[in-house]
Structure formats: C-alpha cells, structure tokens
Amino acid sequence: MTCGVAPLAFPAAAAAPGLVLSGRLEQGGYALGRTAPHAEVLVDGVPLTQASADGWFVVGFDRDAPASAEITVRTPDGSATHSVAVAPGTFDIQRIDGLPPSQVSPEDPVLLARIAAEGARKAAGFSSRVDGDFFRTGFIWPVKATRRSSRFGGQRILNGEPKRPHYGVDLAAPVGTPVVAPAAGVVAFAETGLHFEGGLVLIDHGQGLISAYLHLSRVDVAAGQRLTQGQVIGAVGKEGRATGPHLCWRLKWRDRNLDPSLWIADAGMRQ
C-alpha cells in the first residue's frame, strides 16, 4: 500500500498598495490620492492621515511648503511612495488702514481673555477629523461674489504694522448674500459674535480638510450637522475685523493653510 503525500499549500503573496496622485501641486495646493482602503498615509515619513473606505485621501501643501514632498501609503502588505515637486506660489502685499486698534494689537486684559477663550473653541473645531472623503467631488464657489477683493497668501500690513499672511480668499458681496457649503461635510464649529471673525462656520470635508467662513452676518447651521454641497450655511456680513461686507473663505488641512480657490476647476473671477 502506498501513501499519497499532499502538496504543501502556500498562501498567495498579497499585493502592495497602488498609489495614484492628482491635484494642484503648489504652495497652498493639494494632492488628491487613491490607494488601498484605509491605507496609512505618510508625508515625509510622518504618519498624518488614513485613506477612506474607498481608498481616497488628501494631502495639503502649506503656503510656505518646501519645494518637494514624499507621499507614502502603507498597508500590512507593503507600501508605495511618490516624490512630488511643489511649485512656488505668488503672493501679494496687502495694506489695510483705518482699523480700530483693538482689531490689530489688542491690549485690554478682558478682551485678551475673551480672544483666548474663542481661540480655544476654534482650535477644537479645527481638530475635527471626520472619517470620510467628501472632498473628492470638488468644490463650488460658496458665494456669488461681485469680485475677489483679495487673493490667498498675501502679506498683510494692518495700520502700517506687518502681520502674518492672509490665509483666506476674500469674496466681496452685499450683506445678506447667501453663503453655501462648497462641498458636502460636517459642521465642526458654528458661532456668532467672535471678536475677529464675527459669525464663523467651520466644515470638515473629511480627514481634517476644514473650510472656514468668516464675518458672517447670520449663521444657519449647528455643530455636528451634516451638509450637502450647495446647502445654505449663513449670509455675508462685515462682522469682526472687516472694513466692508465680504466673505473670507479659508481652508486648512491639519495645521497647513491652503488656497480654497485651487479646489475649483475654473477659478477665474474678476479681480
């Protein structure tokens, strides 16, 4: 009688994750990535985010980002890395005079305490990390503006005093003009009466990509509310540190300041 010996079975080798990148690879811009679901995403060797259930992720490049970045995705089955060149941005110098001193260099202890408390609440809003990829559909303009009164990233000189760059895009429009969510997301912060911003709404579009809407005369949403693209979130105002009615539209990814207009396919607007 002979005994048959079954062949040894080896598990098939798992494939390393793929990695596809697109976007606006420049200072203030972003990379939109596609990889394996829930892959860990590292930027210059530092784990910063995780791909969604459909494999989408975003990486932002700060206004002052260095000239290159290394993006790596990693799963238990392996990793993939792309090195990207980050093009330099072009930024204006913006001079604004006639602001009240309390809006430029506040000194009153009571006011400073109020500003610190508001800052802590805003920081909590910016720390939102919704597990989603609402950003992948792109953005629309949040307001029907008469003009873009200032571009992203300009060096601000307020009442003759150099300040940090302006991290928003200013869109001039009459008070009361509706402001809409440019992409779906979850409200991370919504308050009125803030010292610098007046009415302020923050929207998390997934993975900590958070857009901000400043100087609102009216806020129509609440923290935790789920939004669809085009849904009204408030109205244009001139509250807080503002010299006239406009929407200051900002965008952050983690601690990086981004240009929100770069997320719109046709960002052309009369200057």
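The values are calculated or read from the model by the stated rules, or taken from the named source; none is laboratory data. Given the structure is predicted, the values throughout are model-derived calculations rather than measurements. Reconstructed Cβ throughout: ideal geometry from the backbone, glycine too, with neighbour counts over all protein chains shown. These area figures cover heavy atoms from the full protein model, side chains too; ligands, DNA and RNA do not enter into them. Shrake-Rupley method; radii C 1.70, N 1.55, O 1.52, S 1.80 Å.
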Checklist line | Per residue, in Å², the accessible surface of the chain once ligands and nucleic acids are set aside, probe 1.4 Å | finding: 47 Å²
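Cα-based count: Lys pairs in the range 93-263 below 21 Å, eight or more positions apart or different chains?
For the range 93-263, the number of qualifying lysine pairs is 6.
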Next item on the list: Mind grabbing the accessible area of Val110 for me, 1.4 Å probe, Å², rounded to tens?
Entry: 110 Å²
Check: In the range 19-85, what percent of the accessible surface is made up of carbon and sulfur (1.4 Å probe, ligands and nucleic acids excluded)?
Finding: 50 percent
Note to self: With only alpha-carbon atoms in the gyration tensor, what are the semi-axes of the equivalent ellipsoid for the chain, in Å, largest first?
What the structure shows: 42, 19, 17
Note to self: Below 8 Å between Cα atoms, with a sequence gap of 6+, how large is the relative contact order for the range 19-85 in percent?
What the structure shows: 32 percent
Note to self: Debye calculation, C-alpha points only, no solvent: report log10 I(q)/I(0) for the range 19-85 at q = 0.13, 0.15, 0.28 Å⁻¹, in the same order as the q values.
What the structure shows: -0.30, -0.40, -1.31
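Would you work out the charge dipole size for the range 19-85 about its Cα centre, treating the Cβ of every Lys and Arg as +1 and the Cβ of every Asp and Glu as -1, and quote it to the nearest 20 debye?
140 debye
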Margin query: Over all directions, the average projected area of the alpha-carbon convex hull for the range 155-219 comes to how many nm²?
Written below: 5.5 nm²
Checklist line | Cβ-Cβ FRET estimate between Ser127 and His38, R0 fixed at 22 Å, reported to 0.05 | finding: 0.55
Next item on the list: Considering only Phe139, Phe91, Phe152, give the residue with the highest GNM mean-square fluctuation for the chain, with springs between Cα atoms whenever their separation is below 10 Å.
Entry: Phe91
